[in-house]
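Below is one structure, written out as structure tokens; the observations come after it.
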Amino acid sequence: MQATILEILERAIDDSTRTRTPPVDKSDFLGLRLYGTGAIFDSMQLVNFLVLVEQMLDDDLNVNVSLTSEKAVSMRVSPFSSVKTLARFIQDELPPAAAACA
């Protein structure tokens, strides 16, 4: 399941940044900063990206995960800081039946 989540995140990043010049460097994909200092998204871009990820999770995995929940925005370590932290957050938020398919 983690590989599928990472695939969804990569597609969403590609879709969200396709017009950027130069393109986003994904050589350290898991460490890619999504939001914060040196990140690829500002606050509005992050919101649009998260909505896209939620749609892809629903379309591809038939799961409804809220990435902008109170839990997500109040965590001490932001799940939006990197691809790795967001993938881990998504995995933790999956319903038990979906997570069991991992």
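So here's what we get for this one:
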| item | result |
| --- | --- |
| Cβ pairs under 7 Å, 6+ apart, first in the stretch 2-26 and touching a residue at least 12 places away in the same chain (Cβ under 8 Å), second among the aromatic types (Phe, Trp, Tyr) and surrounded by 12 or more Cβ atoms within 10 Å (Cβ to Cβ) | 10/29; 12/49; 16/49 |
| Residue within the stretch 60-71 that is under 12 Å from the mean Cα position of the chain (by Cα), under 17 Å from residue 13 (Cβ atoms) and assigned to a helix (DSSP H, G or I) present | no |
| Selection status of residue 30, in contact with a strand residue (DSSP E or B) (Cβ under 9 Å, 6 or more places away or on another chain), surrounded by 12 or more Cβ atoms within 10 Å (Cβ to Cβ) and either touching a residue at least 40 places away in the same chain (Cβ under 8 Å) or part of a loop (DSSP other than H, G, I, E, B) (or both) | yes |
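Each value in this text was obtained by applying a stated rule to the coordinates, not by laboratory testing. Computed from a prediction, not measured in an experiment: that's the story for all the values here. Heads up, the Cβs are rebuilt from the backbone with ideal geometry, glycines too, and the neighbour counts pull from every protein chain shown.
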